[in-house]
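Structure record follows, encoded as structure tokens.
The values are calculated or read from the model by the stated rules, or taken from the named source; none is laboratory data. As the structure is a computational prediction, the values presented were derived from the model and not from experiment. Virtual Cβ from ideal backbone geometry, glycine too; neighbours counted across all protein chains shown. Heavy atoms of the whole protein, side chains included, go into the accessibility calculation; ligands, DNA and RNA do not. Shrake-Rupley method; radii C 1.70, N 1.55, O 1.52, S 1.80 Å.
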Amino acid sequence: MRYKLLQEGDIQVCVIRHPRTFLSKILTSKFLRRWEPHHLTLADNSVASATPTGYMENSISYSAIEDVQLLSWENAPKYCLQLTIPGGTVLLQAANSYLRDQWFHSLQWKKKIYKYKKVLSNPSRWEVVLKEIRTLVDMALTSPLQDDSIHQAPLEIVSKLLSENNNLTTQDHESIIVAIAPLLENNHPPPDLCEFFCKHCRERPRSMVVIEVFTPVVQRILKHNMDFGKCPRLRLFTQEYILSLNELNAGMEVVKKFIHSMHGPTGQCPHPRVLPNLVAVCLAAIYSCYEEFINSRDNSPSLKEIRNGCQQQCDRKPNLPLRLLHTSPDLVSQEATLTESRLKPVIVTSNEIHVEVERNNTANQKMTAGVGNDSEPNLIDCLMVSPTCSTMSIELSAQADRVLGCYVEILKMLSDYDDWRPALASLLQPIPFPKEALAHEKFTKELKYVIQRFAEDPRQEVHSCLLSVRAGKDGWFQLYSPGGVACDDDGELFASMVHILMGSCYKTKKFLLSLAENKLGPCMLLALRGNQTMVEILCLMLEYNIIDNNDTQLQIISTLESTDVGKRMYEQLCERQRELKELQRKGGPTRLTLPSKSTDADLARLLSSGSFGNLENLSLAFTNVTSACAEHLIKLPSLKQLNLWSTQFGDAGLRLLSEHLTMLQVLNLCETPVTDAGLLALSSMKSLCSLNMNSTKLSADTYEDLK
């Protein structure tokens, strides 16, 4: 039978009816209360002056208790304990046998634990100390009491013993670790004991104790909900343990097997806390590698001063956005050409596309706005300094370099697990690394594998984390784009990121506009080299009228016509433009209803058959259309009422509608798979006056926002 360890105030009332006993009232965590003798009137109204009873007023320490016994003589009072102390005995009577046994085991435990504290506080011979530690561990393991302190108290005693005795041999260390190992299976080590374990991992990483004893301890730490902010030494111990695994002959193979053991053999890790805890350990270890450079910030100019200082040394204000070391001359020349061309307002007349450009200096204002801005630069601005001015040189020590290599490799391993990748992408989306790490070429080159894994994942919750957390902040997409601080290729990763983002739900004006403003040069260069994704990007910029400048449009057209794939897609664009003009030509019906079971292809075939410039009411209810039909719907200039009841129209289509159908007044989304992510985009449709969202995944918060 298991019992709870008694705490202060647990023994409240003890009724003693034997005429030759004493009465105990209160039991605290440190002492029993001594009684004050006085007369007690018994049931037969006789006075027993020789029997002191009542409430205790002076303390009896547990060390003063010589013995604790259960009363076993004939006709003894029921449920009583007998405490032997100097000068007499004390009888405690409980209400039942369970409560009596609980008191008995609790008093025995507290008496013995104080004994071991005294014995181990003044060690003489270590062989005797080791024997006492083993006895203490056995007592904790066999105790019928159930309480965290039953196992924690021996660990704290051993922890204090080790912290006060630094002259122990390595053999003594390992003997003590092996002795307390059974207690560590279900308990976290105390902070001082973690320090001792860390020291052992550093000094003897190849010891079998590390594998046999520390492995289950670290596994328990990672699997449980551990707040490393409150227990930093547990994190440090986990960090040192992993580094000791890396020091073995097999090196990272051993670490890989350990990570796999934490994940489990199935496709889904059964422990949700393992990944966040592993990432926390990795981030702390990587931060420690650059701690020397981070601490030197106080004695160095601020980031804004560095940038301003660079401008003063060059004695000019740069015409282009400042870049770090990896700037390509081709890209710089491309952006220079674009900058000059944006300042020339003209009217474009092409054979196929007619665009009227108004005089607009917005682009020029955006580029010059930051020159005199006193606000603190963002992450990319902090790292983008002119190549002609100054550079940041990062050289790590040999030990820091090994730590960095180990933990970046672990991040790579974590990104290989499909079930962990969404959470890992979310944890890394805010870029939780110091800027010194992002300026270190080795780090960004190694981390590129993780970003590539995100860019290859078709799940939106993964690759969407390549973008920034919020507007005004930079994300991995900016860092690994051409001209970014982490870009070390010719734009292959950038093209991969754009491809996956455009393939999901980012084929929007907003995303294309950001590319046109910040990455048009790299997009044109990659399109010139035959990259199909970039060719598609340039065609969409022309189709959605993203580019206002005449010269820039002509340059994009020349780029498209310079390759076979570009020429083919540009011809298709021109054909769509002609069809669009025919579609938007005034005429045709004002109301149109598609038959049930119609598909996206049926809608596209119908809209290509004539003019629908007058179409104001379109019903697609109970058809099989999806979000893909949005590309055709946005070409209807007069559309005011759209019925999508019981279709498969989703969030991606809603985003596209919200950007193009500004005249839409009535929208029926009843029984569609739309969610909050898509519905929130409708808040920009100012003309919308009737919206049906019955039987959708609309939440209460989004409903209030839309109202």
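Tell me, yes or no, whether segment 608-616 has at least one residue that is closer than 26 Å to residue 502 by Cα and of a type in the set (S, T, N, Q). Explain how you work it out, then say what you get.
Of the residues in segment 608-616, the ones closer than 26 Å to residue 502 by Cα are 608.
Still in the list and also of a type in the set (S, T, N, Q): 608.
Yes, that holds for at least one residue.
For residue 631, indicate whether it is free of Cβ contacts under 8 Å to residues at least 40 places away in the same chain, open to solvent by 10 Å² or more (accessible area, probe 1.4 Å), of a type in the set (Asp, Glu) and in a helix (DSSP H, G or I).
So residue 631 passes the test.
Which number in (1) open to solvent by 10 Å² or more (accessible area, probe 1.4 Å); (2) in contact (Cβ under 8 Å) with a residue 40 or more places away in the chain; (3) more than 38 Å from the chain's Cα centre (by Cα) marks the one condition that residue 636 misses?
The failed condition is (1).
For the condition farther than 28 Å from residue 677 by Cβ and either over 39 Å from the mean Cα position of the chain (by Cα) or open to solvent by less than 50 Å² (accessible area, probe 1.4 Å) (or both), what is the one hit in 566, 653? Before you say what the answer is, go through the steps one by one.
Working: 653 fails: farther than 28 Å from residue 677 by Cβ.
Going through 566, 653 in turn, the sole match is 566.
Among the residues of segment 546-563, write down those that are among the acidic types (Asp, Glu) and either within 22 Å of residue 634 (Cα to Cα) or surrounded by 15 or more Cβ atoms within 10 Å (Cβ to Cβ) (or both).
548, 551
If I filter segment 227-234 for residues that are in contact (Cβ under 8 Å) with a residue 40 or more places away in the chain, buried (at least 16 other Cβ atoms within 10 Å of the Cβ) and touching a Phe, Trp or Tyr at 6+ places or on another chain (Cβ under 8 Å), do I get at least one hit?
So far as segment 227-234 goes, yes, one or more of its residues are in contact (Cβ under 8 Å) with a residue 40 or more places away in the chain, buried (at least 16 other Cβ atoms within 10 Å of the Cβ) and touching a Phe, Trp or Tyr at 6+ places or on another chain (Cβ under 8 Å).
Just the residues that are open to solvent by less than 30 Å² (accessible area, probe 1.4 Å) and either in contact with an Asp or Glu (Cβ under 8 Å, 6 or more places away or on another chain) or modelled with pLDDT of 85 or more (or both), please, taken from segment 501-517. Please lay out each step first, then the result.
Going through segment 501-517, the residues open to solvent by less than 30 Å² (accessible area, probe 1.4 Å) turn out to be 501-502, 505, 508, 511-512, 515-516.
Of everything in segment 501-517, those that are open to solvent by less than 30 Å² (accessible area, probe 1.4 Å) and either in contact with an Asp or Glu (Cβ under 8 Å, 6 or more places away or on another chain) or modelled with pLDDT of 85 or more (or both) turn out to be 501, 502, 505, 508, 512, 515, 516.
Among the numbered criteria (1) touching a helix residue (DSSP H, G or I) at 6+ places or on another chain (Cβ under 6 Å); (2) closer than 25 Å to residue 524 by Cα, which one does residue 468 miss?
Here residue 468 meets the rest and fails (1).
Would you check if there is a residue in segment 610-623 being in a helix (DSSP H, G or I) and either under 23 Å from residue 642 (Cα atoms) or modelled with pLDDT of 90 or more (or both)?
no
Quick one: which helices (runs of 4 or more DSSP H) sit completely within segment 469-573 and have at least 3 residues that are under 23 Å from residue 629 (Cα atoms)?
So the answer is 492-503, 509-518, 532-543.
Out of the residues in segment 394-431 that are in contact with a Phe, Trp or Tyr (Cβ under 9 Å, 6 or more places away or on another chain) and outside any helix (DSSP H, G or I), state the one that is farthest from residue 477 (Cα to Cα). Before you say what the answer is, go through the steps one by one.
Residues of segment 394-431 that are in contact with a Phe, Trp or Tyr (Cβ under 9 Å, 6 or more places away or on another chain), as a first pass: 394, 396, 400, 404, 408, 411-412, 414-415, 421, 424-425, 428-429, 431.
With outside any helix (DSSP H, G or I) added as a condition, the list becomes 394, 396, 429, 431.
Details: 394: 23, 396: 27, 429: 10, 431: 11 Å.
Of everything passing the filter in segment 394-431, 396 is farthest from residue 477 (Cα to Cα).
Which residue, of 248, 168, 161, 141, is touching a residue at least 40 places away in the same chain (Cβ under 8 Å), over 33 Å from the mean Cα position of the chain (by Cα) and assigned to a loop (DSSP other than H, G, I, E, B)? It would help to see each step written out before you state the result.
Values: 248 fails: over 33 Å from the mean Cα position of the chain (by Cα); 161 fails: assigned to a loop (DSSP other than H, G, I, E, B); 141 fails: assigned to a loop (DSSP other than H, G, I, E, B).
Within the list 248, 168, 161, 141, the selection yields 168.
Return the residue satisfying two criteria in turn: it lies in segment 144-158 and is free of Cβ contacts under 8 Å to residues at least 60 places away in the same chain and out of contact with any helix residue (DSSP H, G or I) (no Cβ under 7 Å at 6 or more places or on another chain), and of such residues it is surrounded by the fewest Cβ atoms within 10 Å (Cβ to Cβ).
Among those that are free of Cβ contacts under 8 Å to residues at least 60 places away in the same chain and out of contact with any helix residue (DSSP H, G or I) (no Cβ under 7 Å at 6 or more places or on another chain), it is 148.
Output yes when any residue across segment 648-666 is assigned by the TED database to the domain that holds residue 631, in a loop (DSSP other than H, G, I, E, B), at pLDDT 90 or above and on the phi > 0 side of the Ramachandran plot, and no when none is.
no
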